[in-house]
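One structure below.
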């Protein structure tokens, strides 16, 4: 089994984890009522999706 020769420092370990951050979700404007919604979702305010009224 492989064993590291030297201990990994805190700085080196933290540099490796700098890309683990979360991205904020993309938010678009509803074309019907202009409220902010997530893409590819039915608008919770007016119920429209792709120009059609959904249930």
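Bear in mind that the values in this text are calculations on the coordinates, not laboratory data. Every value quoted in this text rests on a predicted model; they were computed, and no experiment measured them. Cβ: placed from backbone, ideal geometry, glycine included. Neighbour counts: every protein chain shown.
Structure above, values below:
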{"quantity": "Every residue from segment 28-40 that is surrounded by 10 or more Cβ atoms within 10 Å (Cβ to Cβ) and assigned to a loop (DSSP other than H, G, I, E, B)", "calculated": "30, 31, 32, 33, 34, 35, 38"}
{"quantity": "Within segment 41-55, tally of residues that are surrounded by 10 or more Cβ atoms within 10 Å (Cβ to Cβ) and without any contact (Cβ under 8 Å) to a residue 12 or more places away in the chain", "calculated": "5"}
